[in-house]
Amino acid sequence: MAGSTITEKILARAAGKQRLYPNDVVFTKVDKVMMHDVSGPGVIKVFGEWEKKGVKLERIWDPDRVWVTEDHFVPASDRVSAENVNMLSNFTRKFGINKHFKYGLGQYGICHTLSHEEAMVLPGELYVGGDSHTNTTGAMGAFAAGLGHTDIAYVLMNGEIWFKVPETLLFKIEGNKPPHIMAKDIILQIIGDIGTDGANYKAMQFSGTAVKNLTMEERLTLTNMTTEAGAKNGIIEADETTFAYLRERTDAKYAPVVSDHDAEYSEVFTYEIEKLEPTVAKPFSPGNITAARDLQTTELDKAYIGSCTGAKLEDLREAAKILKGKKVKIRTEVLPAAQSIYMKAIKEGLITIFMEAGAVVGPPTCGACCGAHMGVLGKGEICISTTNRNFPGRMGHIESQTYLASPMVVAASALTGKITDPRDVTN
Amino acid sequence: MGRVHKYDRDNIDTDVIIPGPYLKIHDHKELAKHAMEGIDPTFPEKVSQGDFLVTGSNFGCGSSREHAPIALAQVGIKAIIAPSFARIFYRNAVDGGYLLPIEIDEQTVKKISDKDELKIELAQNRIINITKNDQYPIKPFPELIAKIVDAGGLMNYRP
Ligand code: SF4
């Protein structure tokens, strides 16, 4: 009999079963849970409805396994968002949740960035978050999946949730990474190939020599965008790179899990990284891909370097290499994904490079990534962005357009005002 | 019994069902005013209580915002009938007890027209098309999901 995948093994452990198979439906214990200023108020509303029915909710399942972020509407875009953030503070105080990353109070940032920057999730754990890109954290060797706020409320009360065990698609990325290629190009290529529903209900696991050689932050870009292929979770087995990354951030103990050598995958895809081109997803789908060089005549209004996908420290470093000593031709906005990353970028001189190039640097926030505030697009505007989604109206007006690309492509395009392959601007 | 509102395209995502700026709103009635705003701003006026939405595959892809099933249910949509759903939308619809995600095959989508009168008979796993005097099979819910649907949502379900 064939062995189990890492996803099946983590789910089985959490469900208290010897073994699980794809399509089994089970309740599993949860190790960690996250909610933010969009899902949190929904959770609080569910709690409120129970209290209206006369149920007294004085404690939650385990306040130490919960953390809360403020990221979508900070700095408060208006009174409603200010009140939402206040609601979160009251809730965390009431239930003794200490890990509340408040805007303007030390470390804070986008939820999927804090999850790795702050080592909130460890290899082998089962983690759920009230946000669709919770998949991101699967790059730490964990099972990480997004849920809605009713499910998160249920987890806060009961410490468990149901899952249907997914089949696993295995993506083997082989070869040596060319200098102009980033993880973003790999995942855009994959989504282009399998489609935005190509992994619906499934797990996407990444392996191969190229993945082994990717840094932690680059791996996180792969898993982040598994959501755009409909995947339940994205996952990468923890290895020396993961352990080293965690050593810098935590002393916590964990038990890594890997797939059995004879695990069964429902499909295996192989990619040669040398053959990839800098890739762009055209409006209005992350699967609508083409080579950056095919779009050289596409004129742009704005370049955006931000979000959990594309504003990690290495994303900023790669963009800065291209922008150094040059001037941007279109308005360019850079928003580091967490306060700690912002500070590291200052110390490394990256922020100076961005500002001398003429870009504006903003505080960590989801902001414009989801069209909420802090730089949304107007009617007819065209943006190239390091984010993960480009559905109609995603970053602003329903008639605006977003092209998705790697931080290198976005930086190169900022310099020319047109979509540009990074090889065509470097000295 | 209810009428069909048909939007025959695949991958209708949560950004068009309820655009990002409304995510800060948690009042269900207020959200309903913006249901499907990115696809058809007149949608809330067209729908009556108990109506159905018939669409292409992968309905509800994109974000985990529970605002999407809430807004649709609040304008009156009782069930969404599609060949497939994005997973978080599907579980939000069921676990929140808002509306039914009903899976049918792609051929059946073609047989249902805008404004048809339908009735869903869950116990028989079928849809009755009253206008066309026809009936179609639906994909049964897995056992646990059927129980959650019966309970009216995950919060009321006791394992
Ligand atoms: S940065 Fe964008 S994709 Fe990431 S959590 Fe925020 S809104 Fe979602």
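Pairs, please: C-beta under 7 Å, at least 6 apart or cross-chain, first residue in the same structural domain as A:GLY310 (by TED's automatic domain parsing) and in region A:321-336, second of a type in the set (Ser, Thr, Tyr) and in a strand (DSSP E or B)?
What qualifies is A:GLU333/A:TYR304.
Within the set of pairs 6+ apart or on separate chains, which have a first residue in region A:108-128 that is touching a residue at least 60 places away in the same chain (Cβ under 8 Å), a second that is of a type in the set (D, E, K, R) and open to solvent by less than 10 Å² (accessible area, probe 1.4 Å), and C-beta atoms under 8 Å apart?
Final answer for the pair search is A:TYR108/A:GLU70; A:TYR108/A:ASP71; A:GLY109/A:ASP71; A:ILE110/A:ASP71; A:CYS111/A:ASP71; A:THR113/A:LYS312; A:VAL128/A:ASP151.
Look through A:LEU377, A:LEU404 and report the one residue that is within 23 Å of A:ILE186 (Cα to Cα), within 16 Å of the ligand (Cβ to nearest atom) and of a type outside the set (S, T, N, Q).
Every option except A:LEU404 fails the conditions.
Among the residues in region A:284-296, are any closer than 25 Å to A:LEU350 by Cβ, assigned to a helix (DSSP H, G or I), more than 16 Å from the ligand (Cβ to nearest atom) and not assigned by TED's automatic domain parsing to the domain that holds A:GLY109?
yes
Based on this model, can you work out whether A:GLU58 counts as open to solvent by 60 Å² or more (accessible area, probe 1.4 Å), in the same structural domain as A:GLU218 (by TED's automatic domain parsing) and farther than 22 Å from B:ARG91 by Cα?
Considered against the rule, which asks whether it is open to solvent by 60 Å² or more (accessible area, probe 1.4 Å), in the same structural domain as A:GLU218 (by TED's automatic domain parsing) and farther than 22 Å from B:ARG91 by Cα, A:GLU58 comes out as yes.
Looking at A:SER81, A:SER77, A:SER89, which one is away from chain B (no Cβ under 14 Å) and out of contact with any Cys (no Cβ under 9 Å at 6 or more places or on another chain)?
After ruling out the rest, the residue left standing is A:SER89.
Just one of the numbered conditions (1) modelled with pLDDT of 95 or more; (2) open to solvent by 50 Å² or more (accessible area, probe 1.4 Å) is not true of B:GLY153; which one?
(2)
Identify the residue in region B:6-25 that is assigned to a strand (DSSP E or B) and surrounded by fewer than 22 Cβ atoms within 10 Å (Cβ to Cβ) and, among all such residues, is farthest from the ligand (Cβ to nearest atom).
Across region B:6-25, the extreme among qualifying residues is B:LYS6.
Every residue, every condition in (1) open to solvent by less than 10 Å² (accessible area, probe 1.4 Å); (2) within 14 Å of another protein chain (Cβ to nearest Cβ), yes or no:
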{"residue": "B:ASP27", "(1), (2)": "no, yes"}
{"residue": "B:THR42", "(1), (2)": "no, no"}
{"residue": "B:ASN58", "(1), (2)": "yes, yes"}
{"residue": "B:GLY62", "(1), (2)": "no, yes"}
{"residue": "B:ALA71", "(1), (2)": "yes, yes"}
{"residue": "B:ALA79", "(1), (2)": "yes, no"}
{"residue": "B:SER84", "(1), (2)": "no, yes"}
{"residue": "B:PHE89", "(1), (2)": "yes, yes"}
{"residue": "B:GLY96", "(1), (2)": "no, yes"}
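Can you tell me which residues in region A:370-386 are aliphatic (A, V, I, L, M), within 14 Å of another protein chain (Cβ to nearest Cβ) and touching a residue at least 40 places away in the same chain (Cβ under 8 Å)?
Across region A:370-386, the qualifying residues are A:ALA372, A:MET374, A:LEU377.
Specify the residue that is farthest from the other protein chains (Cβ to nearest Cβ); the eligible residues are those in region B:44-56 that are of a type in the set (Val, Ile, Thr) and under 12 Å from the mean Cα position of the chain (by Cα).
Checked region B:44-56; the qualifying residue farthest from the other protein chains (Cβ to nearest Cβ) is B:VAL54.
The values are calculated or read from the model by the stated rules, or taken from the named source; none is laboratory data. As the structure is a computational prediction, the values presented were derived from the model and not from experiment. No Cβ is skipped: glycine too gets one built from the backbone with ideal geometry, and neighbour counts run over all protein chains shown. Side chains are part of the model used for accessible areas, which takes the heavy atoms of the whole protein and leaves out ligands, DNA and RNA. Shrake-Rupley method; radii C 1.70, N 1.55, O 1.52, S 1.80 Å.
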